[in-house]
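Working notes, structure below.
The values are calculated or read from the model by the stated rules, or taken from the named source; none is laboratory data. Remember, it's a predicted structure, so these values are computed and weren't measured experimentally. Cβ sites come from the backbone with ideal geometry, for glycine too, and all protein chains shown count toward neighbours. Side chains are part of the model used for accessible areas, which takes the heavy atoms of the whole protein and leaves out ligands, DNA and RNA. Shrake-Rupley method; radii C 1.70, N 1.55, O 1.52, S 1.80 Å.
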Amino acid sequence: MDIRIIIKLDELLKAERTGNPKELSYKLGISERTVFNYISFMKTELNAPIIFNTQLKNYCYDRDCELCFKG
């Protein structure tokens with residue numbers, strides 16, 4: 001996992017500007033499959049409350065979320 005992609009994904013999630021998986025893969029410069037892998041990683045390993053809003057066709061956080069990358 002590339003921390004730079006996780007940080008960019010976190011920014012897009014907070015702004016609710018991810019779009020659908022295809023659009024998100026374009027924004028991040030990775031494949032759609034890799035988008036799913038990053039989201040799965042963030043949900044399971046970082047406990048990020050990520051959901052897909054079917055009405056807006058957008059990924060977002062289900063509740064406030066602050067990922068901490070500093071040790």
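Odds and ends about this structure:
- Residues that are in contact (Cβ under 8 Å) with a residue 12 or more places away in the chain and small (Gly, Ala, Ser) do occur in segment 4-21, at least one of them.
- Selection within segment 47-71 - aliphatic (A, V, I, L, M) and without any contact (Cβ under 8 Å) to a residue 40 or more places away in the chain: Ala48, Ile50, Ile51
- Just so you know, in segment 6-43 the residues that are aliphatic (A, V, I, L, M) and under 18 Å from Glu66 (Cβ atoms) include one that is farthest from the chain's Cα centre (by Cα), and it is Ala15.
- Subset of segment 44-57 [more than 24 Å from Cys68 (Cβ to Cβ) and open to solvent by less than 60 Å² (accessible area, probe 1.4 Å)]: Asn53
- Members of segment 46-71 that are of a type in the set (S, T, N, Q) and touching a strand residue (DSSP E or B) at 6+ places or on another chain (Cβ under 7 Å): Asn53
- Within segment 6-27, the set of residues being open to solvent by 30 Å² or more (accessible area, probe 1.4 Å) and either in contact with a helix residue (DSSP H, G or I) (Cβ under 9 Å, 6 or more places away or on another chain) or in a loop (DSSP other than H, G, I, E, B) (or both) comprises Lys8, Glu16, Arg17, Asn20, Lys22, Lys27.
- Of all residues in segment 28-43, those satisfying the criterion of being in a helix (DSSP H, G or I) and open to solvent by less than 90 Å² (accessible area, probe 1.4 Å) are Leu28, Glu32, Thr34, Val35, Phe36, Asn37, Tyr38, Ile39, Ser40, Phe41, Met42.
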